[in-house]
Amino acid sequence: MKLESVELRRIAMPLVAPFRTSFGTETTRDVLLVRARTDAGEGWGECAALAEPKYSAEYVDGAADVLRRYLVPALAAVPDLDAHAVGRTLAPFTGHFMAKAAIETAVLDAQLRAAGQSFGSFLGAAVDRVPCGVSVGIMDSVPALLDAVGGYLDAGYLRIKLKIEPGWDVEPVRAVRERFGDVALQVDANTAYAVSDARHLARLDPFDLLLIEQPLAEDDVLGHAELARTVRTPICLDESITSARTAAAAISLGACSIVNVKPARVGGYLEARRIAELCAAHGVPVWCGGMLETGLGRAANVALAALPNFTLPGDTSASNRYYATDITPPFELADGHLAVPTGPGLGVSPLPEMLEDVTTSVVEVPLR
Ligand code: OSB
Ligand code: MG
C-alpha cells in the first residue's frame, strides 16, 4: 500500500458523567481521529491521548503535532506500507506510543478492509464476544458510588473497577463489598501511592480484590516488586508497561502478576498482541484496558480482548457508559458481553452526520 493522504480530525465528545481519577477529571473527551487514505482504500485510527499529559507524558495536541511533523511524513516515504512496516519505520522516533498506535491502527484498518478481513480474525480472536467490566470514577460520596455501581451491575457488567486515591480507598471498597457481596471487584490507583504506603494498601487484602492496578509511579518497577511482597492482593501494571520488553522486565522482577494490555499505551495492536503472548508464556493473565474510546477505538479493543490470554473482563464497556451518542453504531451490552465486530477492518465506520456534528477541526497532513 502507499499512503496518499492523512486527515487529522478532532472531535469533542461529552461524557455522560464526569470521570474522576487521581490525575484529574474528564468531562468532555477531546479525541484525535486519524484517517489514512491509501491506494487500497482508507482506514481509521483513534488516538487515545487525553487533553493533558497527566495519565502519561502524551497529550492530544502533542500527538497531533508529532504525527504531522514526523510520523506521517516518515510513513509517506514507504512504498509498500502495511501495519508491520509502521512500527519498523517509526522506531527511530522515541516515545509517542499513542500517536504511533493511532496511525498504525488506521493503516491496519485500511489494509484489512482491502483484504476483507476483520481485526478479530487478523489478531487471532478465539471467541465471538467478550465479557465486560466497567471502570468507576472517584465520587463525591459513598452513597453516590453505591448508586453508580448498582446501576452498572443492573446493566449486566461482570466486573467492577473502582478508581482509588489516598483518602478514597478502603472505605469505598468496604462499602461496595458490603452492599454487593462477592461481585468481581478490582481497584486502580493510577500511580497515586508511594512504596511507603505498603501497610496501608495491605488493608485492602481482606476484601478479596482481583487486583490492584498501578499503585506506584510509572518508573517504579522495583517499588511494585517490593509492594508485591507485602500486599496479598495481586499487583497489575498499566502505566509501567510500555512494550513487550518492559512487560518481560516487570514480570521477571516480580513487579506484577497480571497485566493491563492497553494498545494505545504500547504503540498499537501488534505490540499489544506480543505482550499478551509474552504474558501467556509466563502464565500471567491479561485483560484489555481502555481510554474512554469512541466506537472506533472500542471496536479494535474488543477484537483484542477476544484473544486467548485475555482471561479477565476488560475495561471494554458499552458505548452508553461513555457517550449518549457514539460516532459509530453503538456497542451494546448483551448478557454482560460485547460482540466482536466481524466486518472488514474495524467492522465499524463513523456515521457521517454524527461525525460532522462533533468535529471541531480537520487538518490534512501535506505529503510530499
Ligand atoms: O488507568 O485505566 C486507566 C481512563 C483514562 C485513562 C486511564 C484509565 C482509564 C480508565 C477507563 O480506567 C477505562 C475505560 O473504560 O475506557
Ligand atoms: Mg489504569
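Taken together, the values in this text are just the output of simple stated rules run on the coordinates, not laboratory data. Nothing here was measured: the structure is a model prediction, and the numbers come from that model. When we count neighbours, we look across all protein chains shown, and the Cβ atoms used for this are built from the backbone with ideal geometry, even at glycine.
Odds and ends about this structure:
- Distant-in-sequence amide H partners of Gln117 (H built 1.01 Å from N, under 5 Å): Gly345
- The range 277-368 has equivalent-ellipsoid semi-axes of 28, 18, 12 Å, by the square roots of 5 times the alpha carbon gyration tensor eigenvalues, sorted largest first.
- Each part gets one Cα centre, and for the range 42-61 versus the range 327-341 those centres are 23 Å apart.
- In this structure, the pairs whose alpha-carbon distance is over 19 Å, taken from Lys100/Lys161; Lys54/Lys163; Lys2/Lys262, are Lys100/Lys161; Lys2/Lys262.
- Relative contact order [Cα under 8 Å, 6+ residues apart], the chain, whole percent: 22 percent
- Pairwise Cα separations in the chain fall into 10 Å bins from 0 onward with the following percentages, short to long: 5, 26, 35, 24, 8, 1, 0.
- For Glu165, residues with placed amide H under 5 Å, excluding near neighbours: none
- Secondary structure note: in the chain, about 60% of the DSSP beta bridges are antiparallel.
- Residue by residue, the range 207-219 carries 3J(HN,Hα) couplings of 8, 6, 6, 5, 5, 10, 9, 6, x, 10, 4, 3, 8 Hz when phi is fed to the Karplus relation 6.51 cos²θ - 1.76 cosθ + 1.60 (θ = phi - 60°); x denotes Gly or Pro.
- As a rough guide to protection, the peptides 57-64, 80-87, 104-111 ranked by mean Cβ packing within 10 Å, highest first, stand as 104-111, 57-64, 80-87.
- Grouping the Cα pair distances of the range 21-114 into 10 Å bins from zero gives a pair-distance distribution of 17, 48, 25, 9, 1 percent in increasing distance order.
- Where the Cα pairs of the range 227-289 fall when distances are cut into 10 Å bins, in %: 25, 59, 16, 1
- Taking amide hydrogens as placed 1.01 Å from N in the peptide plane, the amide H of Leu333 sits under 5 Å from that of no residue at least 5 positions away in sequence or on another chain.
- Rg/Rh for the range 106-236, where both radii come from Cα atoms and Rh is the Kirkwood radius: 1.09
- Shown here are the Rg and Dmax of the Cα trace of the range 228-343, at 14.7, 47 Å.
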